[in-house]
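Working notes, structure below.
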Amino acid sequence: MFELFEPVRFDHKAPRWAKRVPKYPLIFGHSAFGHLFVCSEAQSNLAVIATERPEFIELKLDSVQAFKDDFLKNEGVLNDFFGVARYEQLVKRIGELSEAECYFPVPYPASGGSGAKDSYQKGNIWVHLDLYGQVIGL
């Protein structure tokens, strides 16, 4: 449900999104639905960008390890925020994700799509985020 990696420059992965949060220049992962996991240069300030809304959520965590241990393993966060049930339905319907992939609705709700579960497809997260960023005017 998550792809985590060593922190890298956010602007190298998703420049349209990175320029909106200069305080968080590093990205260290994403969810199956394109939520981005970002942090400060010192990796002591962390946030999640819920790209589908879009919404920026600063977390009261002080390390990437705390994010992994406390946030990503919290049952309420997994069920309510990340939507484990929706994820499991999509895995059954269109298959597991490969590296650097996510699920997203087609067409995007911002361009007239319904956002219904049966409208989801999977594809490269970085391409998705660039296209979606263009649709919402980033």
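Out of curiosity, is Ser44 among the hydroxyl-bearing types (Ser, Thr, Tyr) and more than 17 Å from Asp130 (Cα to Cα)?
Values: among the hydroxyl-bearing types (Ser, Thr, Tyr): yes; more than 17 Å from Asp130 (Cα to Cα): yes.
Judged against the criteria, Ser44 is a match.
In the range 79-114, what residues are at positive phi and in contact (Cβ under 8 Å) with a residue 40 or more places away in the chain? Spell out how you get there, then give the answer.
The first filter runs over the range 79-114 and keeps only residues at positive phi, leaving 83, 95, 100, 112.
Answer for the range 79-114, where residues must be at positive phi and in contact (Cβ under 8 Å) with a residue 40 or more places away in the chain: Gly83, Ala100.
Pairs please, first residue from the range 121-136 and farther than 18 Å from Ile94 by Cβ, second anywhere and loosely packed, with under 14 Cβ neighbours inside 10 Å, Cβ atoms under 8 Å, 6+ apart in sequence or on different chains.
Here the result reads Val135/Ser111, each pair linking the range 121-136 to a residue that is loosely packed, with under 14 Cβ neighbours inside 10 Å.
Checking Leu138 against (1) under 25 Å from Leu61 (Cβ atoms); (2) within 17 Å of the chain's Cα centre (by Cα), only one condition comes out false. Which one?
(1)
Does the range 36-49 contain at least one residue that is in contact (Cβ under 8 Å) with a residue 60 or more places away in the chain, more than 13 Å from the chain's Cα centre (by Cα) and on the phi < 0 side of the Ramachandran plot?
no
I'd like the residue in the range 97-119 that is within 15 Å of Thr51 (Cα to Cα) and either surrounded by 17 or more Cβ atoms within 10 Å (Cβ to Cβ) or among the aromatic types (Phe, Trp, Tyr) (or both) and, out of all such residues, is nearest to the chain's Cα centre (by Cα).
Cys102
Could you say which residue among Ser31, Ser114 is polar (S, T, N, Q) and touching a Phe, Trp or Tyr at 6+ places or on another chain (Cβ under 9 Å)? Reasoning before the result, please.
Details: Ser114 fails: touching a Phe, Trp or Tyr at 6+ places or on another chain (Cβ under 9 Å).
Going through Ser31, Ser114 in turn, the sole match is Ser31.
Check whether at least one residue in the range 118-125 is closer than 21 Å to Cys39 by Cα, part of a helix (DSSP H, G or I) and in contact with a Cys (Cβ under 7 Å, 6 or more places away or on another chain), and report yes or no.
Filtering the range 118-125 for residues closer than 21 Å to Cys39 by Cα gives 125.
Next, only the ones that are part of a helix (DSSP H, G or I) stay: 125.
Filter again for in contact with a Cys (Cβ under 7 Å, 6 or more places away or on another chain), leaving 125.
The answer is yes; a qualifying residue exists.
Bear in mind that the values in this text are calculations on the coordinates, not laboratory data. Predicted model only: the values in this text are computed from it and were never measured. Note that each Cβ is placed from the backbone with ideal geometry, even for glycine, and that neighbours are counted across all protein chains shown.
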